[in-house]
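Okay, structure first, notes after.
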Amino acid sequence: MADKLLFGYWGIRGLGQPLRYYLEYLGLPFEEKRYVKPEEWFGEVAQPPLNNEVLVNLPYIKDGDKWVFESGALYVYLAHKANRADLLGSTPDEQVALAQAKGVLQDLLKVFFTLITFTEEQYAAKKDEYFKTEILWLIEKLNAFLAGKTWASGNNITYVDFQLFEIEETLKAFNVDVFNSQANIKKHHDEFSNIPQIKAYLASERFIAGPFYPPGRFRWG
């Protein structure tokens, strides 16, 4: 355990899933701690050493005595840990392209989360219209952005591709017809899922098929 990273997150896909892909891809030895019940996490936070950490949150990485919190910071930390700073964007143009794509992905996360938090009555009545007005145009924008590219930055895989793949997985689970209609998104999904490390992970017992969101607040997957 001493020479392994510890990755902590809820026992769902959520914000942790792209980081699981990232860890598998990087080949960094790690173990995972999945918190199933809120009291498991909040009980741990109330005790040393986590109660001494100002920025404590999920997901986290523990590397020896070092704790790293916030998902955005974890991508940076792990890239440098694996001597893969190229995953953060190798040129200014790549970094700008990644920042733009990440902005769209963050918008998609917000609207998908709003969709799945509708009450049962609202969900049945509003889901299709909400998808058309709030989600579809962002999917189409992302699909256009990927035209002529293998990866989000162009020819080089970066941390944003791991986040993008999970959005694609979410779309595929929610509306497979729309997923199949977006040729560039589907191409990116196919490319990513066939990366050897990712392909092996998706076929393994470590892979979390669902839920995408917290129990009681998710509608599919």
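The values are calculated or read from the model by the stated rules, or taken from the named source; none is laboratory data. Quantities reported herein were computed from a predicted structural model and do not represent experimental measurements. Cβ sites come from the backbone with ideal geometry, for glycine too, and all protein chains shown count toward neighbours. To get the accessible areas, we keep the full protein, side chains included, count just its heavy atoms, and leave off ligands, DNA and RNA. Shrake-Rupley method; radii C 1.70, N 1.55, O 1.52, S 1.80 Å.
Remarks
- For segment 124-148, filtering for residues that are in a helix (DSSP H, G or I), open to solvent by less than 30 Å² (accessible area, probe 1.4 Å) and not polar (S, T, N, Q) leaves 5.
- Every pair of residues 6+ apart whose Cβ atoms lie under 9 Å, when the first sits in segment 94-118 and is over 27 Å from GLY148 (Cα atoms) while the second is open to solvent by less than 20 Å² (accessible area, probe 1.4 Å): LEU115/PHE131; LEU115/ILE135; ILE116/PHE212
- Segment 149-158, subset without any contact (Cβ under 8 Å) to a residue 60 or more places away in the chain and not basic (Lys, Arg), residue least open to solvent (accessible area, probe 1.4 Å): ALA152
- Counting residues in segment 202-221 that are part of a helix (DSSP H, G or I), surrounded by 11 or more Cβ atoms within 10 Å (Cβ to Cβ) and in contact (Cβ under 8 Å) with a residue 24 or more places away in the chain gives zero.
- Failed condition for GLU94, given (1) modelled with pLDDT of 95 or more; (2) closer than 12 Å to TYR159 by Cα: (1)
- Residues being within 17 Å of TYR75 (Cα to Cα) and more than 8 Å from the chain's Cα centre (by Cα) - total across segment 152-169: 8
- Within segment 76-95, the residues that satisfy the criterion of being surrounded by 14 or more Cβ atoms within 10 Å (Cβ to Cβ) and within 21 Å of TYR60 (Cβ to Cβ) are VAL76, TYR77, LEU78, ALA79, LYS81, ALA82, ARG84, LEU87, LEU88.
- Inside segment 16-42, residues that are touching a residue at least 60 places away in the same chain (Cβ under 8 Å) and open to solvent by 70 Å² or more (accessible area, probe 1.4 Å) make up a count of 0.
Every residue, every condition in (1) over 26 Å from ALA147 (Cα atoms); (2) modelled with pLDDT of 95 or more; (3) out of contact with any helix residue (DSSP H, G or I) (no Cβ under 8 Å at 6 or more places or on another chain), yes or no:
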residue	(1), (2), (3)
THR170	no, no, no
SER181	no, yes, yes
HIS188	no, yes, no
ALA200	yes, yes, no
TYR213	yes, no, no
GLY216	yes, no, yes
TRP220	yes, no, no
